[in-house]
1. Quick one: which residue in Gly35, Gly22, Gly29, Gly94 is without any contact (Cβ under 8 Å) to a residue 12 or more places away in the chain, out of contact with any Cys (no Cβ under 9 Å at 6 or more places or on another chain) and open to solvent by less than 20 Å² (accessible area, probe 1.4 Å)?
2. Considering every residue within the range 171-185, establish whether at least one is hydrophobic (A, V, I, L, M, F, W, C), in a loop (DSSP other than H, G, I, E, B) and free of Cβ contacts under 8 Å to residues at least 40 places away in the same chain.
3. Can you tell me how many residues within the range 159-170 are within 18 Å of the chain's Cα centre (by Cα) and part of a loop (DSSP other than H, G, I, E, B)?
4. How do the pairs read when you match residues in the range 119-147 that are assigned to a loop (DSSP other than H, G, I, E, B) with residues anywhere that are modelled with pLDDT under 95 and of a type outside the set (A, V, I, L, M, F, W, C), using Cβ under 6 Å and keeping only pairs 6 or more apart or on different chains?
5. Taking the residues in the range 56-65 that are open to solvent by 10 Å² or more (accessible area, probe 1.4 Å) and assigned to a loop (DSSP other than H, G, I, E, B) as candidates, determine which candidate is farthest from Arg38 (Cα to Cα).
6. Of the residues Pro68, Pro85, only one is farther than 23 Å from Glu138 by Cα and open to solvent by less than 30 Å² (accessible area, probe 1.4 Å); which?
7. Tally time: how many residues in the range 72-82 are assigned to a loop (DSSP other than H, G, I, E, B), modelled with pLDDT under 95 and open to solvent by less than 30 Å² (accessible area, probe 1.4 Å)?
8. Are any residues in the range 173-184 under 11 Å from Asn208 (Cβ atoms) and open to solvent by less than 10 Å² (accessible area, probe 1.4 Å), and if so, which ones?
Amino acid sequence: MNAGWRIPPPSLPFKREERLRGEREDKVGELERRGLLRSERLRRAMLAVRREDFIPFCYRDYAYEEVPLPLPGQRATISCPHSYPLFYEPLGIGEGLRFLEVGVGSGYGTALAREVVGPEGLVVAVEIDATTLAFARENLERAGYMDVLLVHGDGGLGDPEQAPYDRICVTAACPGVPPPLIEQLALRGRLIVPIIEGRRQRLTLVENTARGVLRKSLADVLYVSLRGRYSGGTDPH
């Protein structure tokens, strides 16, 4: 959920399904050439999930452009297409894993995760904004993703009922990793989160190893702040 980008104006969609499918295939190819998209399961997921079905109708034609788009709810957006492999590839999301998503947005990332973990895996997504959650739920159900667990609550608290998780993805910036998420991370599990460091954010990979919790900074990013108990304060501009 990016902040600080220029959002295109809403308009009446005119692109047909065939054109959007072509744009989806082109975007996947572009992300592969850029080295962002590497795993075959995620590649297949990004081809299978129709991103345009997870975007408000008036922004549908922008589905495969590298811009964040507004969603129903407070300060809610769907991130740029490249953001999903940017997070999911270092996280190492794979078949059969238990996956926790903090910040549901439109449900697009949730659908990608459901495709990647497969029928033997589990996807739990927590969203603090009831309006945003309702939009995501409608999108997911319409697309046929009936077997994801959507939770209305403070994402920084995770969902202990389904813990431990093999992978945790936090799509909002915070000053540090919320302790409940570390507690819910399985041994050898991985967590990815934008960490606020002064005036910038660093996408950070966290691994729960037998030697302790290891952290690695990956890239500068720009995301809205996490809401709730572990809020990062004001949003970046």
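The values are calculated or read from the model by the stated rules, or taken from the named source; none is laboratory data. Fair warning: this is a prediction, and the values are worked out from it, not measured in the lab. Cβ sites come from the backbone with ideal geometry, for glycine too, and all protein chains shown count toward neighbours. The protein model used for the area step is the full one, side chains on, heavy atoms only, and it has no ligands, DNA or RNA in it. Shrake-Rupley method; radii C 1.70, N 1.55, O 1.52, S 1.80 Å.
1. Only one candidate passes the filter, namely Gly29.
2. Checked the range 171-185: at least one residue is hydrophobic (A, V, I, L, M, F, W, C), in a loop (DSSP other than H, G, I, E, B) and free of Cβ contacts under 8 Å to residues at least 40 places away in the same chain.
3. Counting residues in the range 159-170 that are within 18 Å of the chain's Cα centre (by Cα) and part of a loop (DSSP other than H, G, I, E, B) gives 1.
4. What qualifies is Ile128/Arg227; Ile128/Gly228; Asp129/Gly73; Asp129/Gln74.
5. Only one residue tops the list, namely Pro56.
6. Exactly one residue qualifies, and that residue is Pro85.
7. 3
8. Listed by number, the list holds a single entry, Leu181.
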